[in-house]
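The values are calculated or read from the model by the stated rules, or taken from the named source; none is laboratory data. Remember, predicted model here, so these are calculated numbers, not experimental data. Here the Cβ positions follow ideal geometry from the backbone for every residue, glycine too, while neighbour counts run over all protein chains shown. The protein model used for the area step is the full one, side chains on, heavy atoms only, and it has no ligands, DNA or RNA in it. Shrake-Rupley method; radii C 1.70, N 1.55, O 1.52, S 1.80 Å.
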Amino acid sequence: MKRWLLVIPVALLLGLGVLGAYQLMQPDDESFVAKADRSAPERAFPLLDAPEQEISFATPPGDGPVMVNLFASWCAPCRAEHGDITALAETFPGQVYGLAYKDAPEATRAFLEELGNPFEQIGVDPSGQGGLDFGLTGVPETFVISADGQIILHVRGPLDVERSQQVAEALGG
């Protein structure tokens, strides 16, 4: 009889392990690519190469939708997605913008000098408050903003072929 009492805790522990493994294998409720239905932040960001000037995405520059990529020089996935951003900038000239998140301007410049600068303009967000206004969960993240200032697509994590295609479709391609 005492042996059965020892089996019960082991069986419970094994059952919890199976349940935990099952939960880990389930996809997240939030997709990496999500439609968004909210306004772009009102915040204006100083430009990297002209700090006396600012850019705001509440009223995006240009006539159509724009892509805003939040990145940092210290972010390894940002480095990995850079080629995809460059390809989007070549396909959609004048529609691809950057926002350097919690990065020193000299580090951002060195990063872009090394990899190339695909961005039409780059705002800086040294405090990170602007990223929070966007709804950033961690760099890199990409937002597509309609001409009327609505976030129409939010990509969490680095761009890849599939995610770049979704951004291209949102930009009008």
For segment 60-89, give me each residue that is in contact with a strand residue (DSSP E or B) (Cβ under 9 Å, 6 or more places away or on another chain) and among the acidic types (Asp, Glu).
Glu81
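With respect to Thr59, determine if the residue is among the β-branched types (Val, Ile, Thr), more than 16 Å from the chain's Cα centre (by Cα) and assigned to a loop (DSSP other than H, G, I, E, B).
Yes, satisfied.
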Selection count where residues are of a type in the set (S, T, N, Q) and surrounded by 13 or more Cβ atoms within 10 Å (Cβ to Cβ), scope segment 36-59
2
Inside segment 60-80, can you point out the residues that are at pLDDT below 95 and more than 20 Å from Ala168 (Cα to Cα)?
none
Please specify each residue of segment 126-173 satisfying the condition of being part of a loop (DSSP other than H, G, I, E, B), among the β-branched types (Val, Ile, Thr) and either within 23 Å of Pro51 (Cα to Cα) or modelled with pLDDT of 95 or more (or both).
Val139
Note on segment 114-125: residues part of a loop (DSSP other than H, G, I, E, B) and touching a residue at least 24 places away in the same chain (Cβ under 8 Å) are Gly116, Pro118, Phe119, Glu120, Gln121
Those residues of segment 70-102 which are over 15 Å from the mean Cα position of the chain (by Cα) and acidic (Asp, Glu) amount to Glu90
Selection from segment 77-110 of residues closer than 19 Å to Gly138 by Cβ, part of a helix (DSSP H, G or I) and small (Gly, Ala, Ser) yields Ala80, Ala107
Condition check: buried (at least 17 other Cβ atoms within 10 Å of the Cβ), in contact with a strand residue (DSSP E or B) (Cβ under 6 Å, 6 or more places away or on another chain) and of a type outside the set (Gly, Ala, Ser). Does Pro158 satisfy that?
no
If the requirement is being open to solvent by 60 Å² or more (accessible area, probe 1.4 Å) and of a type outside the set (Lys, Arg), which of these qualifies: Gly94, Gly62, Gly116, Gly123?
Gly62
